[in-house]
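See below for the structure under consideration.
The values are calculated or read from the model by the stated rules, or taken from the named source; none is laboratory data. Computed from a prediction, not measured in an experiment: that's the story for all the values here. Ideal geometry is used to build each Cβ from the backbone, glycine not excepted, and the neighbour counts take in all protein chains shown.
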Amino acid sequence: MIDDKSSSSLIFDKLIDISLPMDELEELVHHDILANGSENHSSLNESYATNASLNRAVYWINKTDCANITAWRSGNKRAINDANNRILQETLRAMGYGVIKLQGFYAEVGQDVSKENSFLVFDQNDDPNFYENLYKLSEKFEQDCFLFKAVDEEVAYLIGTNDDFIRDNGERKEAGRLRIGNLDAKIYSEIGSGRISFE
């Protein structure tokens, strides 16, 4: 973790914890970079430096409440999942939230890990109903849960929105802290050429 007294230069390894002061984050996003590493890490740094969507995601995750949600269900046909996700995305944008498309890898209750299209959602206008709205949307699209991270908490939680998830995990299950670039994570999301997970 990096605090106010840390150097502004980051060296990427396989696993990174992100917790930056807002002034540093704004500077990183402005220049579309996350790191200036040593020569041994140049290829990885270049990958992150050119991933504007990942940079934007890290910026907003540290600035405001955020959530990860989808309308996909493993038992549905692709056309139905795509249509539901379009409705979900339009609804989220109509509510005034920021939305970034993800490729998520998640295991529904009783299922193996599978790929699904999902969204990283940001409460950029400080809506007091953000959590409640995400909860209702997760219920509407019959999701096991959605991921929620409050800006004033270091960890994110999986919020159960159906009986199967709540039976096995309770109403809220800790997902963990934001990690970037962990290639060993089983549950994660891809943003452009980058990867995030909560562990």
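The table that follows gives values for the structure above.
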| read-out | value |
| --- | --- |
| Set Glu108, Glu116, Glu139: member being charged (D, E, K, R), modelled with pLDDT of 95 or more and under 24 Å from Ala79 (Cβ atoms) | Glu139 |
| Test set (1) among the small types (Gly, Ala, Ser); (2) under 22 Å from Asp123 (Cα atoms); (3) at pLDDT below 90 - Ala71 fails condition number | (3) |
| Criterion: in a strand (DSSP E or B) and either modelled with pLDDT of 95 or more or of a type in the set (A, V, I, L, M, F, W, C) (or both) - qualifying residue of Ile166, Ile196 | Ile196 |
| Within the range 52-91, considering residues that are of a type in the set (Val, Ile, Thr) and more than 20 Å from Glu190 (Cα to Cα), the one surrounded by the most Cβ atoms within 10 Å (Cβ to Cβ) | Thr64 |
| Any hit, the range 92-107, residues being touching a helix residue (DSSP H, G or I) at 6+ places or on another chain (Cβ under 9 Å), touching a residue at least 40 places away in the same chain (Cβ under 8 Å), surrounded by fewer than 19 Cβ atoms within 10 Å (Cβ to Cβ) and not basic (Lys, Arg) | no |
| All positions within the range 144-176 that are exposed (fewer than 14 other Cβ atoms within 10 Å of the Cβ) and among the basic types (Lys, Arg) | Arg167, Arg172 |
| Enumeration of residues in the range 177-193 that are crowded, with 17+ Cβ neighbours inside 10 Å and either assigned by TED's automatic domain parsing to the domain that holds Asn51 or out of contact with any Phe, Trp or Tyr (no Cβ under 9 Å at 6 or more places or on another chain) (or both) | Ile191, Gly192 |
| Qualifying position, being closer than 18 Å to Thr70 by Cα, in the same structural domain as Thr70 (by TED's automatic domain parsing), free of Cβ contacts under 8 Å to residues at least 24 places away in the same chain and not in a strand (DSSP E or B), among Glu139, Glu153 | Glu139 |
